[in-house]
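Just so it is clear, none of the values below were taken in a lab; they were calculated from the coordinates. Keep in mind it's a predicted model, so treat the numbers as computed, not measured. Cβ: placed from backbone, ideal geometry, glycine included. Neighbour counts: every protein chain shown.
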Amino acid sequence: RKQDVAAAAADKNKTTLDASEVDAAAAAAETETKDSKNVATFHGSSKQDYQGRSWHLCPRELTGRPDVSQSYPPKRWVRSYAGHSKGVSRIDLFPETGHLLLSASMDKTCKIWDVAKGRQLMTYAGHQQAVKDAAFSPDGSLFASVSFDKQIKVWDVERGT
């Protein structure tokens, strides 16, 4: 990233830049993209597991389909997910496995949670007003969010773009 910024700045000025100028230009470019675009923040410890699989893929122990032949009413509270600063307007489970939970909130963000551990994995911010609804694509690689700012945004789950 720094090399790209240095090359672009050198092309504009037709000079070479020293390391501190490259760092400053890279920081300015990163701030500029965060201010003008959508921002996704990863909250986990690593974006890949020890075998190099992406954080959003289903763990191998959950790859079998659950038996849903019978349904039972809930008997007890299992877990709360705290992290939004305002009310949640919609939740959606990851297709097929349900190992991740997507929440859309009135605080203008969407978050993805690890259902089994109850921890927040990723926050997606980019709407100017409250998010009304969000849903995963059938393969789980994307999700769409719709907001009161009259925008629909399609997000890449893994990269946050």
- Note on the structure: A correct Stokes-Einstein calculation for region 102-161, using the alpha-carbon Kirkwood radius, 20 °C and 1.002 mPa s, returns a whole-number D in µm² s⁻¹ of 186 µm²/s
- Item | chymotrypsin sites (Phe, Trp or Tyr not before Pro) restricted to DSSP loop in region 96-161 with at most 16 other C-beta within 10 Å | PHE148
- Task: At most 12 other Cβ atoms within 10 Å and a DSSP loop assignment: could you name the trypsin sites (Lys or Arg not before Pro) in region 87-141 that fit?
- Result: LYS117
- Task: State, to one decimal in nm, how far the label point of TYR72 lies from the label point of VAL88, with both points 7 Å from Cα in the Cβ direction.
- Result: 2.3 nm
- Task: Translational diffusion coefficient, Stokes-Einstein: compute it for region 62-161 using the Kirkwood radius over C-alpha pairs as Rh, at 20 °C and 1.002 mPa s, and state it as an integer in µm² s⁻¹.
- Result: 150 µm²/s
- Computed FRET efficiency, Cβ-Cβ of ARG79 and VAL39, R0 22 Å: what is it to the nearest 0.05? 0.25
